[in-house]
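No value in this document is a laboratory result; all are computed from the given coordinates. What you see is a predicted model; the values in this text were computed from it and never measured. Methodologically, a virtual Cβ is constructed for each residue, glycine included, from the backbone with ideal geometry; neighbour enumeration extends over all protein chains shown.
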Amino acid sequence: MSDVVLETKGLVKHFPITRGIVFQSKVGAVRAVDGVDLQLNRGETLGVVGESGCGKSTLAKLLVGLEKPTSGEINVRGEDMVRLKGRDLRRARRHIQMVLQDPYTSLNPRMTVGDIVGEPFEIHPDVTPRSGRTKAVQDLLDIVGLNPDHVNRYPHQFSGGQRQRIGIARALALKPEIIVCDEPVSALDVSIQAQVINLLEGLQDELGLSYIFIAHDLSVVRHISDRVAVMYLGKIVEAGGDVAIYEQPTHPYTQALLSAVPVPDPRLRGQRDQIVLEGDVPSPANPPSGCRFRTRCWKAQDICAQEEPKLEIRDRSGHPSACHFAEAREMFASG
Amino acid sequence: MTDIKAEIDALPGLDPQAPLLDVNDLHVEFRTRDGVARAVNGANFTLKPGETLCILGESGCGKSVTAQAIMGILDTPPGFITEGQVRYRGIDLLKLPEAERRKVRANHIAMIFQDALSALNPVYSVGFQLGELFRKHRGMSRGDAKKRSIELLDQVRIPAARSRVTDYPHQFSGGMRQRVMIAMALALDPEVLIADEPTTALDVTVQAQIMNLLADLQNERNMGLILITHDMGVVADVADRISVMYAGKVVEEAPVYDIYARPAHPYTRALLESIPRLDHKGRQLNVIRGLPPALTAIPDGCAFHPRCSYAKDDCRQDPPPPPYAVQPNRTARCHFWREVVGDE
C-alpha cells in the first residue's frame, strides 16, 4: 500500500451567484476552488499558503466534507469521500478531522469542555464505550497539555491558547490520521502561538498524524511544513518541498509573496529586493483569462492571457510551477 | 488655512524647542465590576520629528490603551487616567479643556486604527467623511472640501480618486480602505501619527504596500510615527526605536538594532526566540511558559517574574525594577539586565 493518505483530483467548488427571490436564476459563479490536485503522505505536513480570498478555507471545508465539491474526487485512504453516503461516509469521516481558526467562536459557550471534547463520541458511539468516555476525554485533555480535572469548566474560563488546545483535543477524539488545520494559530499571540505549534509537532511525532496546515503566515508554514502548496484564486500555482518553495521559488506570485514577508532582523533592512505587487486579488467571480496572476504580474506577455499555464515541472523549475516563464529566483532567507 | 493651526500655536505653554511628544509616567486604569484593571502602569517615551517609535507587545499589554490616552479618546468611564503627563511640545494635553483638545486632534496628532471598516462610517461616502475634516477644522465650503479630498485620495495612491470619492467604505477592498484611513489621518498635516496595528488585518502583499506608503508619507512630511504592533517582522523593517510593553509597563526601550542583536529584558529575549525562524527549523520553538497576568491582579515586584527564567527573590518583591540605563539611550526594567544582555 502506498503511503498516500489523502489525494484530491480536479477538485472544484463553484458557489452560484443567483438573481431573483422566488424564481432564482444563476447568473454566474464564484470559483472559490477551481481544479486542485494535491497529495498528502503519511506523517507529513502539507502547508497551504495564499492571500485571503484565494480559496484556502473552502479547500479545507471540502476536504473534511463540510462543503460538497462541484466536481472532483477526494480520496482518503483509497475511498472517494465524495461518493460515499450515509453510514459509510460517517465512518470514513473519522479519519479526517479539523482544527478551526478562531478558538473564541468555534467552541460552544454553553457546553462544558468535557461535552465539547466528548461530542465526537456521541456521534460515533462505537469508538469508545459509554462507560469509558469520561476517561477518554480526560486522556485527550492530558495529551494536549490541559488539566484533566477541568472537564466541567466552560470555554470562557480558558485563555485563547488553551481554547485552541481544546479544539485540538476535539479533533483528536476519533483518532484520525489526517488533521486539517485552518489557520490554527493566527488568532493567538506570538508566545502562545509557539506553544500551539510545538504541541502540533509533538502530536504528529507521537501519533503519526498527517497535517494539512493552512495559514497566511509564511514563516509559521515554513516552520511546520514538509511540503508547501501556494494558492492563488482557487488554483495551486506552485508546489514543492519547503526548501524549494522558500529558497528557489519559480512562480512570480510566490516570489512576490515571500518578498513581502517582513524579516525580523533590522540588519537586512533595505537589502532585500522587495517586490511590491500593485492592486488587489481579482474577484474569483470573474477571474482573468489564461494565467490568473497575469493582471498583477511583471512578467506577463500575450501568451499569459491566451493560454493557461499548467502546474508542471518546467525547464527552469525543478518542482511544479504554473507559469510560462517560471524561473528560480534566489530569495533572502526569510524568517 | 494656516490661521487655525496658528491658533493652537498661541496656546500658553507651547514651546517649539520641547520634545514633539513626551509621555511621562502614564497610568490608566479601568474601573469595572470585577475590580480595577490596571491597563497602563507607568508608560514613558518621547518622540522626535521624523522618528518611528514602535510599541511592541502582546494583546492586553496596554499598547492600544496608551494610544487612546494620548489621543484623548479613552472611554471614560470605565477608563481613567490616574497619573502622568502627555506633553505635546510642552503642553500637557491631559490638562487641556475638551474644546482645546479637539484642535490638537487631527491638526497635530492623528491616529489610524486597525479595522478600517469599523472605523469608517458606513452610511457616508468617503469623500463626505474626508471633507468633513476640512469643513469643520478649516471652514471650507463643500466644493473646496471635495477638491481637497480628491487630492488626498490621490496622495495615498488610490486609483481613479475622482470617481471613487463618492464611493462608500464597503465598496473598497481592505487595503484601499486602510488608505482612506491614512488619508483621513493626514488630512490636516499632523506632526504626530499614531498607527494602531494598521496592517494586522491585511495580507502580506497589501501590508507591504501600506507600510511603503506610510514610510513615504512620513519622509515627505517629517512626521513622528508611533506604530503599535505585535509583528516583530514589521518592527524590524521600519522602527528607529522600540518600546516593549508588558502588563502596562515599558519593560525595555532601545534603538532597533540593539534590541534585536542583544535584548536586555528577558521578556524581549523570549519574544524574539519564540518566532519561527529558518535556522531553527526542525527544532522546537522556545516558548514563554504560562500566560500574561490578568490586569486585575498584576504580580508584585516585576510583573514578568512568574514566567521568567532569570527570576530570583528580589524580582518577586516590590518595588518593581526601575528602568536601568543599559546604555545612554537605552533602558530595561530588569534587575539582571547585565546577565540577559551577556547571554548568547
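Return a whole-number percent for the relative contact order of chain B, with Cα pairs under 8 Å and 6 or more residues apart as the contact set.
Relative contact order here is 20 percent.
Going down the table (B:95/B:249; B:48/B:103; A:56/A:135; A:26/A:56; A:85/A:310), which pairs top 30 Å between alpha carbons?
As for pairs spanning more than 30 Å Cα to Cα, those are A:56/A:135; A:85/A:310.
Could you tell me the calculated FRET efficiency between residue A:19 and residue B:147, based on Cβ-Cβ distance and R0 = 30 angstrom, to the nearest 0.05?
0.20
Dipole size in debye (nearest 20) for the protein assembly as shown around its Cα centre, Lys and Arg Cβ +1, Asp and Glu Cβ -1?
About 1680 debye.
Over region B:2-239, what is the percentage of antiparallel beta bridges among all DSSP beta bridges, to the nearest 5?
Here the share of antiparallel DSSP bridges comes out near 55 percent.
What is the set of long-range amide H partners of residue B:326 at a cut-off below 5 Å, with H atoms built 1.01 Å from backbone N?
The list, which skips near neighbours in sequence, is B:331, B:332.
Sort B:67-74, A:95-102, A:80-87 by the packing proxy (mean of other Cβ within 10 Å over each peptide's residues), most packed first.
The densest-packed peptide leads the list: A:95-102, B:67-74, A:80-87.
Give the long-range amide H neighbours of residue A:35: residues separated by 5 or more places, or on another chain, with amide H under 5 Å away, using H modelled in the peptide plane at 1.01 Å from N.
Amide H to amide H, under 5 Å and 5 or more residues apart or across chains, residue A:35 pairs with A:11, A:12, A:13.
What stretch of chain B, leaving out the sites themselves, is the longest with no trypsin sites (Lys or Arg not before Pro) in a DSSP loop having at most 13 other Cβ atoms within 10 Å?
My reading of the result: B:34-282 is the longest stretch.
What does the net charge come to around residue B:90 if you take all other residues with beta carbon closer than 11 Å to its beta carbon, with K and R at +1 and D and E at -1?
Summing Lys/Arg as +1 and Asp/Glu as -1 gives -1.
Output ³J(HN,Hα) for region A:222-230: one whole-Hz value per residue in order, computed from phi by the Karplus curve 6.51 cos²θ - 1.76 cosθ + 1.60 with θ = phi - 60°, and x for Gly and Pro.
4, 4, 9, 8, 8, 10, 10, 10, 9
Kirkwood hydrodynamic radius, computed over distinct alpha-carbon pairs, for region A:134-220: how many Å, to one decimal?
Hydrodynamic radius (Kirkwood, Cα pairs) of region A:134-220 is 13.4 Å.
Tell me which lysines have Cα within less than 19 Å of residue B:147's Cα, excluding those fewer than 8 residues away on the same chain?
In chain and number order, the partners are B:136.
Pop a pseudo-label 7 angstrom from the Cα along the beta-carbon direction at both residue A:152 and residue A:285 and give the gap in nm to one decimal.
That separation, rounded to one decimal, is 5.2 nm.
What FRET efficiency comes out for the pair residue A:267/residue A:305, r = Cβ-Cβ distance, R0 = 35 Å, nearest 0.05?
About 0.25, to the nearest 0.05.
Taking amide H positions as placed 1.01 Å from N in the peptide plane, with prolines and chain starts having none, which residues 5 or more places from residue B:195, or on another chain, fall under 5 Å of its amide H?
B:112, B:226, B:227, B:228
Take the Cα of residue A:328, step 7 Å along the line toward its Cβ, and report every residue of region A:217-247 whose backbone nitrogen sits under 15 Å from that point.
A:239-247
Within 10 Å of each Cβ of A:246-258, how many other protein chain Cβ atoms are there on average?
1
Spelling out what I want: for every residue of region A:71-84, take phi, set θ = phi - 60°, compute 6.51 cos²θ - 1.76 cosθ + 1.60 (Karplus), and round to whole Hz; glycine and proline get x.
7, x, 10, 10, 9, 10, 6, x, 9, 7, 4, 5, 7, 5
Give a residue-ordered list of calculated ³J(HN,Hα) values for region A:307-323 (Karplus: 6.51 cos²θ - 1.76 cosθ + 1.60, θ = phi - 60°; whole Hz; x for Gly, Pro).
Per residue, the Karplus-derived 3J(HN,Hα) values read 10, 7, x, 7, 7, 8, 6, 10, 3, 9, 9, x, 10, x, 8, 9, 8 Hz.
Any of B:63/B:312; A:61/A:175; A:61/A:299 with alpha carbons more than 22 Å apart? Name them for me.
Checking Cα-Cα distances, B:63/B:312; A:61/A:299 exceed 22 Å.
How high is the FRET efficiency between residue A:90 and residue B:117 when r is their beta carbon distance and R₀ equals 41 Å, given to the nearest 0.05?
0.55
For the protein assembly as shown, take the alpha-carbon Rg, divide it by the Kirkwood Rh, and send me Rg/Rh.
My calculation puts Rg/Rh at 0.98.
Anything in chain B that counts as a DSSP H helix reaching 15 Å or more along its axis (C-alpha) with Kyte-Doolittle mean of at least 0.5? List them, would you?
B:174-186
Roughly how compact is chain B, stated as its Cα Rg over 2.2 N^0.38 Å to two decimals?
So the Cα radius of gyration is 1.04 times the expected 2.2 N^0.38 Å.
Taking N as the number of residues in region B:1-156, what is its alpha-carbon radius of gyration divided by 2.2 N^0.38 Å?
Normalised Cα radius of gyration, region B:1-156: 1.16.
Stokes-Einstein diffusion coefficient for region A:18-126 at 10 °C in a medium of 1.306 mPa s, Rh from the Kirkwood formula over Cα pairs: what value in µm²/s?
Stokes-Einstein gives a translational diffusion coefficient of 94 µm²/s.
Expressed as a rounded percentage, what relative contact order does chain A have, with Cα pairs under 8 Å and six or more residues apart?
19 percent
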